[in-house]
1. Put a dot 7 Å past each Cα toward the Cβ at A:K68 and A:E42; how far apart are the dots in nm?
2. Would you pull out the residues with amide H under 5 Å of B:A48's amide H, same chain only if 5 or more places away, H placed 1.01 Å from N?
3. In nm, to one decimal, how far is the A:T111 label point from the A:N7 one, both placed 7 Å along Cα→Cβ?
4. What distance in nm separates the two pseudo spin-label positions at A:M29 and B:S18, each 7 Å out from Cα along the beta-carbon direction?
5. Counting only other residues whose beta carbon sits under 13 Å from that of A:Q81, what net charge do I get with K and R as +1, D and E as -1?
6. So what does the Cα-only Debye profile of the protein assembly as shown read at q = 0.09, 0.11, 0.15 Å⁻¹, as log10 I(q)/I(0), no solvent term?
7. Looking at region B:1-83, what % of the alpha carbon pairs are farther apart than 14 Å?
8. Given charges of +1 on the Cβ of Lys and Arg and -1 on the Cβ of Asp and Glu, with all other atoms neutral, how large is the dipole of chain B about its Cα centre, in debye to the nearest 20?
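No lab work stands behind these numbers, since they all come straight from the coordinates. Remember, predicted model here, so these are calculated numbers, not experimental data. All Cβ positions, even for glycine, are placed from backbone atoms using ideal geometry, and neighbour counts span all protein chains on display.
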Amino acid sequence: DQQVKQNSPSLSVQEGRISILNCDYTNSMFDYFLWYKKYPAEGPTFLISISSIKDKNEDGRFTVFLNKSAKHLSLHIVPSQPGDSAVYFCAASAGGTSYGKLTFGQGTILTVHP
Amino acid sequence: GAVVSQHPSRVICKSGTSVKIECRSLDFQATTMFWYRQFPKKSLMLMATSNEGSKATYEQGVEKDKFLINHASLTLSTLTVTSAHPEDSSFYICSASQTEIQFFGPGTRLTVL
């Protein structure tokens, strides 16, 4: 039962353009969402997060959008840079006894071409 | 962001031996630490949640006698893979958190021969 899904295994973008990574979830108890970036043989690096009380959060080139009714979130990177090439994971957490536990999507490989 | 270290980064051991992996939060006190395993081209699979001073909570299907977790202080958690077998070969990653944001260590590549 995949509660967090990233349906695009890969995405290829030209440098300077916008990268849009998508994520869908099924568990309505999720109230906090995060995006991580990961290089091979390294641990994930935290990028940006959003609480369910918001629909947008921005940090520099990264913006996360949350559509609760659609159970969908997206990460926008603009402008994209070759150094952004990595695997991007979205993750979600619920409150209560599950506080702090993250459920990860399968990841999307982003390739930014010079 | 906060810094989490893991040691060793890579370990090769013989089948039947035990391997200990350390996870440290270097610049903050982590109320909770998590241990994950990642298979090739797969997502991160949560193995267990560890709170300082209490027993770890294991996810379904994870053998607690096989994967011993100790959370001795607010900055240190250890994972010991006991009587390791080739199928335990994997990439193990820890994370530490104070809030809902987890900060990850660099991971440990375990190869069991």
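1. Spacing of the two 7 Å Cα→Cβ label points: 3.5 nm.
2. B:W35, B:E59
3. Once both label points are built, they end up 2.3 nm from each other.
4. Each label point lies 7 Å from its Cα, and together they span 3.4 nm.
5. +1
6. Summing over Cα pairs of the protein assembly as shown leads to -0.37, -0.55, -0.99.
7. Value for region B:1-83 (Cα pairs over 14 Å): 65 percent.
8. So the dipole magnitude of chain B works out to roughly 340 debye.
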